[in-house]
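Let me begin by presenting the structure, written as structure tokens, before commenting on it.
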Amino acid sequence: MKNKPLLLFAALIIFSLTSCLENKEDDPILSCEPETAYYGGFILRFYEGNPNQSAFRNPSRQEAVCWSDLSPIQIGGSGIGNCGVGYEMFENPFLGTAILLSENDLNAVENSYYKRYLEVMGIFSCMDFSTRESFFNLFKPAQYGMATDFEDFGNFVVQFFDEGTMYSSIGVANSIFNVTLSEIEERSENNADYVVATVRFSALLKAENGKYLKVENAEVRGQFFRMTPFGSTWED
């Protein structure tokens, strides 16, 4: 009888190890071979609550995503901000420029409807876009942080839209994660200035309904475009 507690403890360890191995076997495998110059590869893990809490440690669903710039996938650019009061009197004293990887819904009446998309956005002050030189200086081979809000300049916001639900890194504890930029190319053509970059990151995102999404082992290559204030143009 003296050995009964030890036997129970050993049984618990074996059960725990077995569960971990079972979960490991179910992990999606990310193995992407891009077919185009711009691409994205990442793992998505959806949770009913915060996965940093033990009750929500196992994802409700998960998948490995490999996207190239081929229909129904489009890889382009997007952005927000107006450097003051703009549309519907909203004040956005910043500019955010993003790589947008989207999956169009081919069954939708309008082909422009997004079934889901991933947005990786850098948040900067308006004056950082005022000259080509200052804009290009924003993107260097380096590590950047995850922004706490849309005025946390010099850091990045990650958002994922999934069939009607938007998940965002804003307001989520992401201090353990960072965004790494590499393979930078500065370009100017057709009156547009932009930076081509490879972006690597992991991030925890939250939706308004309280559900969470973890984007893991992401590697994205695309364009960050130079933006202008609402209704204005830069001198150069």
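A compact table of results
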quantity	calculated
Set of aspartates and glutamates near Lys140 by C-alpha distance (under 13 Å), chain-local residues within fewer than 8 positions excluded	Glu183, Glu185, Glu186
Projected label distance in nm at Asp149 and Lys115, using a 7 Å step from Cα toward the beta-carbon	3.7
Net charge contributed by nearby residues that have their C-beta within less than 14 Å of Gly222 (K/R +1, D/E -1)	-2
Estimated distance in nm for a label pair at Ala37 and Asn190, the labels positioned 7 Å out from Cα along Cα-to-Cβ	1.1
Pairwise FRET efficiency - Asp236 versus Ala207, Cβ, R0 = 35 Å, nearest 0.05	0.30
At most 15 other Cβ within 10 Å, DSSP loop - GluC sites (Glu not before Pro), the stretch 160-229	Glu163, Glu208
Chain lengthening between Asp27 and Asn137 when straightened (0.36 nm per residue, less Cα-Cα)	35.7 nm
Pairwise FRET efficiency - Glu48 versus Asn107, Cβ, R0 = 22 Å, nearest 0.05	0.20
GluC sites (Glu not before Pro) within the stretch 93-153: DSSP coil, no more than 15 neighbouring Cβ in 10 Å	Glu110, Glu151
Cα Rg over Rh - the stretch 45-196, Kirkwood	0.98
Dimensionless Rg over Rh [the stretch 121-236; C-alpha; Kirkwood]	0.99
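Where a number appears in this text, it was derived from the coordinates with a stated rule and is not lab data. As the structure is a computational prediction, the values presented were derived from the model and not from experiment. Please note: Cβ atoms are built from the backbone with ideal geometry, for glycine as well, and neighbour counts cover all protein chains shown.
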